[in-house]
Amino acid sequence: MVDVLLGLQWGDEGKGKIVDYLAASYDIVARFQGGPNAGHTLYLGDKKYVLHTIPSGVFRTNVLNIIGNGVVIDPTILCKEIDQLSTSGIEFLSRLYIARKAHLILPTHRLMDTVMEAAKGEGKIGSTLKGIGPTYTDKIARHGLRIGDIFLADFKERYNKLKAAHLRMASAYDAVDFPLEEEERNWMQAIDRLKKLQFVNSAYFINDAIKAGKKILAEGAQGSMLDIDYGTYPFVTSSNTITSGVCNGLGIAPNKIGEVIGITKAYCTRVGGGPFPTELEDETGASIRKAGGEFGATTGRPRRCGWIDIPQLKYTIMINGVTQLVMTKADVLDDFDEIQAASAYLVDGKATEELPFDMTANCPSPIYTSYKGWKTDLTAITNYADFPLPLREYIETLENQLEIKFNIISVGPGREQLVLRKQSALA
Ligand code: GDP
Ligand code: IMO
Ligand code: MG
């Protein structure tokens, strides 16, 4: 079976840390979508690692890691990640597998991302500009390049053809500064290096592993509210970030999905443009940003901060089929006198829990419930029973509303800074 861990909000829920922790109980960790727009942070002792393309299971020496066919790969960024991990003494290349069908991000995909985003002006998405949208566009338009293509005799010709098409398209937009020659040189060198890695047909690889009784964890990137179909379109990313994306992104059938572990912060953040009903554009929002170190792991941009949003979580729990919850960053709210949670929305004067069709045009007003702050340092707590009562009340009220338990509550960025609700956090 394949268990899934994915974000229930707008990304950056702490997936990297929790996957690294859970990976100890799995044989394989697999990324199924997204690309280097992701930034998954985890700590081993004091050392911080930020992974963009490589799955967060690499730090567990018995775990195999797969970059699935639903992922889009920038060879330059992947090589940098490999170098950073290798320099830190992490031995993982023998445990890393790449799906041949994963699509390639070309330097000109990044150029396209840049010129198209600039043309959007005020309505810009706030893309990470890693070429994600244009690469998935080419995949769907059926003229993309896959990483398995790098072994074809005419790869260079195919590359030049696609690059020329991109340059023709880019010429219709205002010019931007983009060091194409240098980027291209680095990219080609990276391609040569990647040829030495292990490539697989991920559908066979994963299904053979399932047959052999291996335990697999699929690691989501971004968050459910950034899903191309179900997120706050058009302020979304270009892949299916939800559970259904696991089937397409790894080549497994829906009946092979086991547990779906949904992860949320104790509050909510979003980076980039787009609607965010519970956003706090005030002192409180700034305090959360400061206490939570809410700055993008990929771009360094300040993240927008707000309260947790129950209608939003109910929606993403529904579309993902979530069976277990994880709450991260509970410690970030340690100093707050009062905490709020949106329990419903006010739309056209009526209370509702349904997210409107167009959240951008009609951003719903939250109806808040207040909770007493716990005013306690949580960071060294390891038992649920030792949590202060106001925190337990907060957690248990959310559970009643969401109708699912929080099996793990994370109280700091460190690997061991978490509280398991039951002995085995896995069902
Ligand atoms: P991801 O993209 O979902 O993996 O999340 P990011 O790595 O982008 O952002 C999460 C940030 O929160 C990282 O800096 C983590 O080190 C940090 N983090 C994760 N869990 C906790 C927690 O429980 N408490 C605190 N204070 N920080 C956490
Ligand atoms: P992880 O995996 C948070 C956001 C961008 C932008 C929109 C589209 O670390 O949670 P794109 O680069 O895909 O064209 O950007 O999606 N975004 C993320 N926000 N966490 C992420 O990944 C994100 N990946 C993309 O900020 O608003
Ligand atoms: Mg992140």
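The values are calculated or read from the model by the stated rules, or taken from the named source; none is laboratory data. These figures come from a predicted structure and were not determined experimentally. Here the Cβ is made from the backbone with ideal geometry for all residues, glycine too, and neighbour counts use every protein chain on show. In case anyone asks, the SASA skips ligands and DNA or RNA and just uses the protein heavy atoms, side chains included. Shrake-Rupley method; radii C 1.70, N 1.55, O 1.52, S 1.80 Å.
When the Cα centres of segment 152-180 and segment 103-119 are compared, how far apart do they sit, in Å?
10 Å
Return a whole-number percent for the relative contact order of segment 164-292, with Cα pairs under 8 Å and 6 or more residues apart as the contact set.
Result for segment 164-292 is 15 percent.
Using the alpha-carbon centroid of each, what span in Å lies between segment 191-214 and segment 1-68?
A separation of 17 Å, based on Cα centres.
Go ahead and set up a Gaussian network model of the chain, Cα springs under 10 Å, then flag whichever of Thr376, Thr135, Thr87 fluctuates most.
Thr87
Accessible area per residue of the chain at 1.4 Å probe, in Å²?
About 42 Å² of surface per residue is accessible.
Would you mind listing how long the chain runs along its three principal axes, going by Cα atoms, in whole Å with the largest first?
Projected onto its principal axes, the Cα set of the chain covers 65, 49, 40 Å.
Calculate how many DSSP beta bridges within segment 1-112 are antiparallel, expressed in % of all such bridges and rounded to the nearest 5.
35 percent
Return the percentage of antiparallel bridges among DSSP beta bridges fully within the chain, rounded to the nearest 5 %. If you can, show how the numbers build up before the last one.
Values: 25 of 62 bridges.
Around 40 percent of the beta bridges assigned by DSSP in the chain are antiparallel ones.
For Lys214, give me every one of the lysines with a C-alpha distance below 19 angstrom, ignoring sequence neighbours fewer than eight places off in its own chain.
Here the lysines satisfying the reach criterion relative to Lys214 are Lys256.
Where does each of 262-271, 154-163, 227-236, 391-400 land if you order them by average Cβ count within 10 Å, highest first? Don't skip to the end; give the middle numbers.
On the way: 262-271: 26.3, 154-163: 14.2, 227-236: 19.4, 391-400: 17.3.
For the peptides 262-271, 154-163, 227-236, 391-400, the packing ranking is 262-271, 227-236, 391-400, 154-163.
Assigning unit charges at the beta carbon (Lys, Arg +1; Asp, Glu -1) and nothing else, what dipole magnitude in debye, to the nearest 20, does the chain show about its Cα centre?
So the magnitude is around 1500 debye.
Which residue, Gly133, Gly34, Gly349, has the most motion in a Gaussian network model of the chain that connects Cα atoms within less than 10 Å?
Maximum among the listed residues: Gly349.
Could you report the accessible area of Ser94 in Å², rounded to 10, computed with a 1.4 Å probe on the protein chains as they sit in the structure?
Approximately 70 Å² for this residue.
Just the projected area, averaged over all directions, of the convex hull on the alpha carbon atoms of segment 368-427: how many nm²? Kindly include the intermediate steps, with their values, before the conclusion.
Values: hull surface 19.0 nm².
For segment 368-427, averaging the hull's shadow over all directions gives 4.8 nm².
Quick one: what do you get for segment 323-375 if you divide its Cα Rg by 2.2 N^0.38 Å?
Details: Rg = 14.4 Å, N = 53, 2.2 N^0.38 = 9.9 Å.
Compared with the compact-globule rule of thumb, segment 323-375 sits at 1.45.
Pop out the ³J(HN,Hα) list for segment 263-280 in order, Karplus 6.51 cos²θ - 1.76 cosθ + 1.60 with θ = phi - 60°, rounded to Hz; leave Gly and Pro as x.
10, 9, 6, 6, 9, 8, 9, 8, 10, x, x, x, x, 7, x, 9, 4, 10
For the pairs Lys101/Lys163; Lys48/Lys139; Lys15/Lys265; Lys101/Lys130; Lys290/Lys422, note any where the Cα-Cα span goes beyond 22 Å. Mind dumping the intermediate values first?
On the way: Lys101/Lys163 19 Å; Lys48/Lys139 34 Å; Lys15/Lys265 10 Å; Lys101/Lys130 19 Å; Lys290/Lys422 31 Å.
Checking Cα-Cα distances, Lys48/Lys139; Lys290/Lys422 exceed 22 Å.
Could you give the radius of gyration (one decimal) and Dmax (whole number) of the Cα atoms in segment 288-427, in Å?
Cα only, segment 288-427: 16.0, 46 Å (Rg, Dmax).
Can you run phi through the Karplus equation (6.51, -1.76, 1.60; θ = phi - 60°) for segment 376-384 and list ³J(HN,Hα) in whole Hz, with x for Gly and Pro?
Values per residue, Gly and Pro as x: 9, 6, 8, 5, 10, 7, 10, 10, 4 Hz.
Once you wrap a convex hull around the alpha carbon atoms of segment 1-126, what is its projected area averaged over all directions, in nm²?
If you wrap the Cα atoms of segment 1-126 in a convex hull and average its projections, you get 9.0 nm².
If I build a Gaussian network model for the chain, linking alpha-carbon pairs within less than 10 angstrom, which residue out of Asp282, Asp334, Asp27 has the largest mean-square fluctuation?
The residue with the greatest mean-square fluctuation here is Asp282.
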